[in-house]
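FYI, it's all coordinate maths here, none of it is from the lab. Quick caveat, the model's predicted, so the values are computed rather than measured. For neighbour counting, all protein chains shown are included, and Cβ atoms are generated from backbone atoms with ideal geometry for every residue, glycine included.
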Amino acid sequence: MSKAVGNPMLLRWIDYNKCIGCGVCSAVCDFTHNGIPFIKLYDIGGGLIKPISCFHCTKAPCIEVCPTKAMKRDDDGAVYVDESRCIGCLACLYACPYGIPELSTATKTSIKCDLCKQLRGDGLEPACVAMCPTKAIVMGMPQVVFDEAKKRALTRIMKAVMSFGGPV
Amino acid sequence: MVGGLAVLAIPSYRIPYDNVVEGVEDLTKSFGVKLYLNTKVMCGERHDEGDDFVKQVVDLRDIAKEYNAVIITTGTWRSRKLGVSGEDAKGVVDALTFLYRLRLAEYGLVKEPWPKVRKVIVVGAGLSAIDAAEEALRLGAEEVYLVYRRTKKEAPAGEYYINDLIAKGIKWIELAAPTKIVVENGFAKAVEFQRMRLGPPDKTGRPAPIPIPGSEFVIEAELVISAVGEVSTPPFTQECAELRQFLDEKGYIVSRGYRLGNTNMFVAGDVLTGPTKLGEACRNGLYAAKDAERFLRGV
């Protein structure tokens with residue numbers, strides 16, 4: 001079962017308002033994946049540096065286009081590559097609106113973030129989520145993430161309009 | 001306090017203190033890490049920022065004998081000097097000390113971090129400079145100048161953050177470098193700057209700032225913050241006969257890998273690489289720990 005359209009149990013969201021671009025997410029991802037990080041930071045110009053990683057789309061085009069059904073979704077909703085099936089054609093990269101999949105020169109397959117399948121198996125959070133010093137990477141049940149996002153936005157608004165000594 | 005620059009220098013609006021505490025508690029409670037606080041490890045003599053909290057100094061050589069492996073992650077706790085006259089006057093401070101005292105005040109460890117000031121000059125355009133400038137604004141300074149010897153394009157913090165500060169009310173002055181600090185009764189009163197122009201690339205690959213003679217101008221300020229870089233602070237100096245072989249002439253660690261020669265000591269983070277962002281230091285620390293673990297297993 002390829003589950004191109006899934007019902008994710010887990011959702012990861014990067015709060016770019018909180019992110020300071022320190023690169024800890026990428027560092028711990030690099031370490032847990034033997035030198036290949038699946039969350040990466042880019043300077044989009046002028047020193048504004050932020051991370052990007054797989055969005056684990058609910059309607060994942062990479063799963064739909066994969067000719068060998070190597071791109072799969074696990075029970076938590078994470079989209080991952082089954083290396084034994086992948087032929088490294090990178091149809092997934094063509095389909096991905098965010099340019100996420102990469103080709104591994106070692107395994108000759110597509111590689112991407114699997115939300116730290118191994119760590120999750122041990123009951124731990126993905127490394128990037130666990131280590132972000134600003135808690136900019138939020139993961140949880142979808143509604144929990146949506147609520148957290150709105151709560152953070154509301155906090156920002158309230159800080160601006162309700163400060164002590166501000167205009168009456 | 002545990003947490004290094006993330007707790008003691010980087011402003012809390014970037015990294016909230018509680019987030020670091022959570023990590024520290026995880027280390028002590030879940031992993032059995034034992035912390036020795038207020039303890040400076042040193043072989044040789046050197047003053048670093050934060051020394052006022054040191055209650056005991058232990059010799060790195062003793063630690064290396066007592067423990068099977070040592071990982072050195074002492075960071076960059078010294079600031080570069082501007083190298084101009086008047087730098088020792090009251091009201092002249094380096095960015096690290098400026099930010100450090102602000103954080104201490106937040107934790108209730110000092111009463112008043114800095115007296116209220118109207119005019120502040122920050123020299124430099126790296127991340128410490130922009131943090132110091134923004135904190136100065138938050139302290140209620142009316143005029144905060146950020147002065148850099150190259151242009152916005154070369155600023156280590158990046159154009160985005162400089163523009164963000166300009167939008168917040170910072171006065172940005174580029175292509176100018178301090179020539180002296182004007183001192184009156186022991187207090188800084190103003191800074192004299194000289195205009196620069198950009199020349200051919202220097203050894204860092206960036207265009208070299210070249211002074212323009214006769215272009216001096218003066219800006220008044222009650223607080224002058226120098227933010228022209230931090231340097232690494234290894235736990236040993238040239239005075240340490242056993243370990244000086246791992247230092248270059250400037251006192252920085254030279255090492256091909258994370259392990260210091262064939263000793264049981266490993267080095268990671270900014271003390272090894274010079275100032276970086278948290279991520280790079282963190283990545284270094286992880287790989288150094290891996291090497292140390294292999295060393296302990298004897299493989």
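Roughly how far apart, in whole Å, are the Cα centres of segment A:124-140 and segment B:1-50? Distance between centres, Cα-based: 20 Å.
Axis angle, to the nearest 10 degrees, between helix B:95-106 and the longest C-alpha principal axis of chain B: 70 degrees. Pairwise inverse Cα distances across segment A:11-161, averaged and inverted, put the Kirkwood hydrodynamic radius at 16.4 Å.
With Cα atoms defining each centre, segment B:111-179 and segment A:36-65 are spaced 32 Å apart in the structure. Summing Cβ point charges (Lys, Arg +1; Asp, Glu -1) relative to the Cα centre of segment B:81-228 gives a dipole of roughly 200 debye. Of all DSSP beta bridges confined to chain B, the antiparallel ones make up roughly 45%. For segment B:28-117, the square roots of the Cα gyration tensor eigenvalues, ordered a ≥ b ≥ c, give a/c of at least 1.5 with a/b no greater than b/c, which places it in the oblate category. The tail of the calculated P(r) for segment B:81-228, taken as Cα-Cα distances beyond 26 Å, holds 22 percent of the pairs. Restricting the calculation to alpha carbons of segment B:17-79 gives Rg and Dmax of 13.7, 36 angstrom.
Pick out, from A:80, A:134, A:26, the residue whose Cα sits farthest towards the positive end of the charge dipole of chain A, with +1 on the Cβ of Lys and Arg and -1 on the Cβ of Asp and Glu. Towards the positive end, the residue furthest out is A:134.
For chain B, the 222 nm mean residue ellipticity estimated from helices alone, with every DSSP H stretch of n ≥ 4 adding -39500 (n - 2.57) and the total spread over all residues, rounds to -7500 deg cm²/dmol. Cβ screening of chain A for cysteine pairs under 4.7 Å finds these without a partner: A:19, A:22, A:29, A:57, A:66, A:86, A:89, A:96, A:116, A:132. For chain B, just say rounded, prolate or oblate: build the C-alpha gyration tensor, square-root its eigenvalues into a ≥ b ≥ c, call rounded for a/c under 1.5, and beyond that prolate if a/b exceeds b/c, oblate if not. Prolate, since a/c reaches 1.5 and a/b exceeds b/c. Take the cross-link list B:40/B:65; B:168/B:277; A:159/B:116; A:50/A:108 and give me the ones stretching past 26 Å between alpha-carbons. Going by Cα-Cα distance, A:50/A:108 fall outside the 26 Å limit. Taking Cα atoms only, the orientation of helix B:127-138 departs from the longest principal axis of chain B by about 60 degrees. Of the trypsin sites (Lys or Arg not before Pro) in segment A:7-105, the ones in a loop by DSSP (not H, G, I, E or B) with at most 13 other beta carbons within 10 Å are A:69.
Among the GluC sites (Glu not before Pro) within segment B:27-125, those in coil by DSSP and having at most 16 neighbouring Cβ atoms inside 10 Å are B:45.
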